[in-house]
Amino acid sequence: MSREDRRPYSPAQVETRWQEEWERRGTNLFSHEQLEAPHDPYYNLMMFPYPSAEGLHVGNIYAFTGADVHGRYRRLRGHTVFEPMGFDAFGIHSENFALKVGTHPMDLIPGNVANFTRQLRRIGGMFDWNHTVDTTQPDYYRWTQWIFLQLFKAGLAERKEAPVNWCPSCLTVLANEQVIGGLCERCDTPVEQRRIAQWFFQITKYAQRLLDNLDDLDWSDTTRKAQRNWIGRSLGARIRFPVLSETAGQGGSGAGTTDEERSLAVEVFTTRPDTLAGATYMVLAPEHPLVDAVTTPEQRDSVDRYRSQVGTMDLVARKKTDKAKTGVFTGGHCRNLLTGEKIPIWIADYVLMEYGTGAIMAVPGHDERDFEFAREFGLPIRRVVAGPDHSADTPLEEAYTGAGRIVNSGTFDGLDWEAAIPAVVEWLEGQSVAAGKSAGEGHVNFRLRDWCISRQRYWGPPIPIVYCDDCGPVAVPEDELPVILPRVDDFKPDDSGVSPLARVEEWYRTTCPECGGPGRRETDVSDTFLDSAWYFLRYPSAQRDDVAFHPETTRTWLPVHCYIGGNEHAVLHLLYSRFITMALHDLGHLDFEEPFTRFRAHGHITREGAKMSKSKGNVVVPDPIIEEFGADAFRIYLMFLGPYQEGGDYRDAAIQGPYSFLSRIWDSVLPVEDLRNDPLEPEVERKLHQTIRQVTEQVDQLQYNTAIAALMEYLNMLRTGGRTAGRSEVEPLVVMLAPFAPHMAEELWEALGHSESIFQVENWPAFDPEKARESSVELAIQVNGKLRGTVEVEAGSPEEVVLALARNEENVARYLEGATLRRVIFVKDRLLNFVVTA
RNA sequence: GCCGGGGUGGCGAAACGGUAGACGCAGGGGACUUAAAAUCCCCCGGGCGCAAGCCCAUGCGGGUUCGAUUCCCGCCCCCGGCACCA
C-alpha cells in the first residue's frame, strides 16, 4: 500500500468507534451464562464513586483506570473478569448539595449518574453496565434494610442513648469517624456532644477477629497497620478501687474506722498495673456516672461548675492535647489496695468517658499526663519504677516512662516492670473489694467504638423499625421491604434532633407488625457507610429481585479477588465492610468471612505539589484533555505519572509524551501491508522477551509506570533509524498495550487481521526465558569500588576470562600498577572489583 | 507526640547491596522539507580538562561492606493519618 493510504492517528474517531462496538457486541456485558459459569472468574472491584454534580474528576479517573488496566490484563490472561461500577449516591454529601442548589436529591441524582456514566464510558473502562447498583434505588436499599434486620434479629443492632457527636451546622449526628480533629468532616464546624437515642451496630464484639484476620489478608502493610491502629488493642488490667466513706473526721460516734469502705468501687483500665503503688490519686471523666456518688457536699458546687464548663466546651477545645490540664477535687477518696493509702478522687477532662472505663488511676511518676496534672494541683508524685541510673528515691523531674525494676511497691520490689504486670494482676485477682468482686483482672481494651448507624437526616434508607407502645421496637417484616423513602419537599434538617421524616405524619404513622396496634416508624435513616459496606455483595446479583445476593452466584464470584481504592477509606469503609461480611457469615448467609482477598490503595494526584481543590483553582478538567489527546493517551499519561500506589504530580504539558508514543505505535503498525514478514531478528526477539517479562510482572504488581517505560523502550528499538517493523514484532506489543490503551489496541488488532476482540481470547504473549537471555554482557570493572572501565564478554564468562580482559584495560591497569592486590570480587555478568592497597 | 509515606537532574521519575539518573517532559543542535508539523539522529546533574580522563553528587551526620539511593544508628525537612487512648 502506498503512503497516501496511511491514515493519521485520530483518537476521537478510534475511541468513538470502539466504544460503540463494545456496546453493540456486549463485550463488557455479562451474559447470564458467563456469570454462572465463568472461566477462571476474577472479580475486579474498585471503590464506587459518589456521583457529584461536577462529574468525574481526575482522581476518580486515576483510580478507575488503574483498576481497569489490571482487569483488562487479567482478561488477556484468560480470566472471566467481572468489573462492575455503581453509584454511592445517598448521604450527607448529596443532601447538602441538593439543599444548596435548592433541587430535590431525587431529581438531582439521576442527572449526575447519567453524566458519570457517560464519562465512565468515555475513559474506556470495561465496566459491566448490566450489573450496576445505585444505593438510592429502592431495589438496592431494600436489601440494605434487610441487612439491618439481620443484624437486629441477631442482637447485633441495638438502640441506646449515648453521647454522640453533633454537628451544629449539618444538624446531625456524626460517627466518630466523621469527626476529624474535633471538626465535622463535611463542614469543619466544631462538633458538640449530645445524648440521643441511637442505633448502634456492635462491631466491638468483632474487634479481636477483625484484628486477627488481618494477618492473612493480601493487603498492603500500611492499610493493615491503619486498621490495627483504629481497632487499637491494648493489653492491661481492670482494677477496682474501693470508695471510702466520707463520714471520717465528722466527730460523732468516735467508734469504728474513720474510712469505712462503701460498697462502691471505681473501676479503671490501665496498661501498667505494675505501677499500682504509684497511683496517688484517681481521676474520673467529668461525665462519669459515679461523680455524684463520690462528691462531698462541700465540693458539690465546684464539681458542678466544672462539669457544666466542660459540657459546653466543644470537642476541638476539649481534645486539645497541649492545653493546660484542668480538673477539680470531688472530696471523695479511694483506697489504693496495694499501699493501703487513702487517695483523692478528682474529675478532669483529660480523662475521656469514651475510652476504657472513663476513669483512671493516676500514676504521676510514670505517666506524662498524670505528672503534669499532679504538678498543676500539688498532688504527690511517687517513683515505683527505677531505671538503670535510678535508686528507689531518685527524685522525678519528669514522668519516667522507660523500662526498669519495681521499687516502693512492697512485695513486688525488685521485679522487672514487665514481669511485675502478671504478678500484680494475679495478686489483684486474689483480693476482694465491694460486693465480693475481685480487685481486678487482666483485660484487653479496644479503642474501637460501636458503630453508630442512625442519622437524623432525610437522604438515606429509612431504618426498618416500627415503635409500638406495647411491643417496643419491632422489625418491619422482610416481605414488606423496602420501607420506601417518601418524597418530601421540605427535607431540610433542623435543630430538633430528629429527622425531617418525623415531620411527615402520614408516613411514620403505621400499625405495629406484631400486635396490629398503632405504631410509629423509625424516622432516622442509616449511615451511608452501611450502603457501601455490602455493595460488592450485590453487584453479581444486581439483576435479582428475590435476594440480596444469590448463594450460588456469590460462591462463584466472592470474595473479591482484587479491590482497588483510595487510602482515605483504608480504615472505615474497609472495616465496616469486613464487619458486615463477618456478621453475615456468622448468620449463615456467606461462606467466607473476609470480603477482599487483595486490596491495594492507589496514590493521589496532586498538581504543582498541592491537593487539587476548587478553592485553589488547580482542578484538572478531564473532558477537554480527552477531547484533544484521547482517552487512551490520558490513561497512559496517568499511569505513567509515577508509581500507582504513590500517586504523582500532574503536569499539563507532559501528556505529549504518551500521545506521541501512541502515534508512533500507530505509524509502526499501519498500514499493515507495509509490515515486514521475516522472522524476528535475534536482538529484537531478546528485547521482546525481556519486555514481556517486565511488563507481565509489573502490571501484575500494579507497577504501571515502569511497565509503560518498558513498552516505550521496545518501541524505540523497533523504530531505530526509521526502521520498518515486522508483524511478529508489533503483535505482542499491541497486546501488551491493550490494558492501557484499549481502543487503539482493538483498532490495530483488527487491522492485523483478527476478527475477534483483542480481549475476547487469552492473548497475552508468552515469556520464554531462553529467548530473553543476553548473549554478551558488559561488566563493570572497579578498583576499590570505583568504576574504572567496562569489558564486553560472553554471558556467563568465568572470573579468569574477565580478570584477564580487565587487567588489559588501560585505565584499570593504571590503578593496579604499583599497588598490592588484596582481593578480587567477582559477580558473574555484573562486575569485577579489584581491592588494592597503595 | 505517635503511626505511615517521601526527600535522587530544570521537571515527573528509574535503579535483585553491584556501571546512579532507565523511560518521559522541557531545552539545545542536526538530517529530511519551499516551509512548518510529524519523523529520525546527537547533546542534556555540577566542576576541572584539548583529550584520555579525574573529582564532586541520591536531605544532613555517623556506621556496616570490596562496594550503600538501597542495610543499621542519630538528626532535619515535606506530605498524609491519628492524637490527653490511660
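Taking chain A as the reference, fit the longest principal axis to its C-alpha atoms, fit the long axis of helix A:221-231 to the helix C-alpha atoms, and give the angle between the two in degrees, 0 to 90, nearest 10. Tilt relative to chain A: about 20 degrees. Listed values for the stretch A:407-412 are Karplus-derived 3J(HN,Hα) couplings in whole Hz (6.51 cos²θ - 1.76 cosθ + 1.60, θ = phi - 60°), namely 9, 6, 10, x, 5, 8, and x replaces Gly and Pro. Placing +1 on each Lys and Arg Cβ and -1 on each Asp and Glu Cβ, with no other charges, gives the stretch A:526-565 a dipole about its Cα centre of roughly 160 debye. Each peptide among A:741-752, A:77-88, A:403-414 gets the average number of other Cβ atoms lying within 10 Å of its residues, and from highest to lowest they stand as A:741-752, A:77-88, A:403-414. In percent, rounded to a whole number, the relative contact order of the stretch A:497-642 is 15, using alpha-carbon pairs under 8 Å and six or more apart.
Based on DSSP H segments of at least four residues, each scored -39500 (n - 2.57), chain A has a per-residue ellipticity at 222 nm of -10000 deg cm²/dmol. What you get for chain A, charging only the Cβ of Lys and Arg (+1) and of Asp and Glu (-1), is a dipole of about 1300 debye around the Cα centre. Taking amide H atoms as placed 1.01 Å from N in the peptide plane, the amide H of A:THR172 lies under 5 Å from those of A:CYS167, each 5 or more residues away in sequence or on another chain. Ranked by the mean number of other Cβ atoms within 10 Å per residue, highest first, peptides A:138-145, A:223-230 order as A:138-145, A:223-230. Considering the stretch A:761-838, its Cα convex hull presents a mean projected area of 6.2 nm². Summarising the amide proton neighbourhood of A:THR606: residues at separation of 5 or more, or on other chains, whose placed amide H is nearer than 5 Å comprise A:GLY648, A:ASP649, A:TYR650.
Entry note, the stretch A:340-431: relative contact order of 18 percent, from Cα contacts under 8 Å with a spacing of 6+ residues. With Cα atoms as the point set, the stretch A:423-468 shows a radius of gyration and Dmax of 21.2, 55 Å.
Solvent-accessible surface of chain A, averaged per residue with a 1.4 angstrom probe and all protein chains in place: 43 square angstrom. The residue among A:MET744, A:PRO732, A:VAL695 whose Cα reaches farthest toward the positive pole of the charge dipole of the stretch A:681-808, with charges on the beta-carbon of Lys, Arg, Asp and Glu, is A:VAL695. Taking Cα atoms only, the orientation of helix A:92-101 departs from the longest principal axis of chain A by about 80 degrees. Applying the Kirkwood pairwise sum to the alpha-carbon positions of chain A produces a hydrodynamic radius of 32.1 angstrom. In a simple Cβ point-charge model (Lys, Arg +1; Asp, Glu -1; nothing else charged), the stretch A:59-121 has a dipole of about 420 debye relative to its Cα centre. Applying the Kirkwood pairwise sum to the alpha-carbon positions of the stretch A:414-562 produces a hydrodynamic radius of 20.2 angstrom. Taking a ≥ b ≥ c as the square roots of the eigenvalues of the alpha-carbon gyration tensor, the stretch A:680-802 is classed prolate because a/c is 1.5 or more and a/b outweighs b/c.
Between the helical axis of A:105-122 and the longest alpha-carbon principal axis of chain A there is an angle of about 30 degrees. With K and R counted +1 and D and E -1, the other residues having a Cβ less than 11 Å from that of A:ASN445 yield a net charge of +3. Residues whose amide H falls under 5 Å from that of A:VAL164, counting only those 5 or more places apart or on a different chain, are A:ARG194, A:ARG195, A:ILE196, with hydrogens built in the peptide plane.
Taking packing as the residue-averaged number of other Cβ atoms within 10 angstrom, the listed peptides A:195-204, A:766-775 run from highest to lowest as A:195-204, A:766-775.
Between A:SER454, A:VAL547, A:THR135, the Cα set farthest toward the positive side of the dipole of chain A (charges on each charged residue's Cβ, about the Cα centre) is that of A:SER454.
Taking the inverse of the mean reciprocal distance over all distinct Cα pairs, the Kirkwood hydrodynamic radius of the stretch A:5-108 comes to 16.8 Å. Backbone geometry of the stretch A:798-814 corresponds, through the Karplus equation with coefficients 6.51, -1.76 and 1.60 at θ = phi - 60°, to 3J(HN,Hα) couplings of x, 3, 4, 4, 5, 4, 4, 5, 5, 4, 7, 4, 4, 5, 6, 4, 4 Hz, x marking Gly and Pro. For the pair A:LEU752 and A:LYS160, the difference between a 0.36 nm per residue extended length and the Cα-Cα distance amounts to 206.4 nm. The stretch A:293-308 and the stretch A:747-819 have Cα centres spaced 81 Å apart. Between A:GLU397 and A:ALA419, the C-beta separation translates, for a Förster distance of 25 Å, into a calculated FRET efficiency of about 0.40. Taken one residue at a time, the phi angles of the stretch A:826-831 give Karplus couplings (6.51, -1.76, 1.60, θ = phi - 60°) of 10, 10, 3, 6, 10, 7 Hz. Gly and Pro are set to x. If I compute solvent accessible area with a 1.4 Å probe over the protein chains, what percent of it on chain A is carbon and sulfur? Of the solvent-accessible surface of chain A, carbon and sulfur hold 48 percent. Only one residue of A:THR117, A:CYS170, A:PHE90 has its Cα farthest out toward the positive end of the dipole of the stretch A:59-171, where Lys and Arg carry +1 and Asp and Glu -1 on Cβ, and that residue is A:THR117.
Of A:LYS205/A:LYS225; A:LYS100/A:LYS492; A:LYS153/A:LYS205; A:LYS100/A:LYS614; A:LYS205/A:LYS325; A:LYS771/A:LYS828, which pairs sit farther than 22 Å apart, going by alpha carbon to alpha carbon? A:LYS205/A:LYS325, as the Cα separations exceed 22 Å there. Rounded to 0.05, the FRET efficiency of the A:GLU568 and A:ARG598 pair, given R0 = 22 Å and the Cβ-Cβ distance, is 0.70. Only Cα pairs under 8 Å and 6+ residues apart enter the sum, and on that basis the relative contact order of chain A stands at 14 percent.
The values are calculated or read from the model by the stated rules, or taken from the named source; none is laboratory data. Quick caveat, the model's predicted, so the values are computed rather than measured. Positions of Cβ are generated from backbone atoms using ideal geometry, with glycine treated the same way; all protein chains shown enter the neighbour counts. Just so you know, the surface numbers come from the protein's heavy atoms only, side chains and all, with ligands and any DNA or RNA stripped out. Shrake-Rupley method; radii C 1.70, N 1.55, O 1.52, S 1.80 Å.
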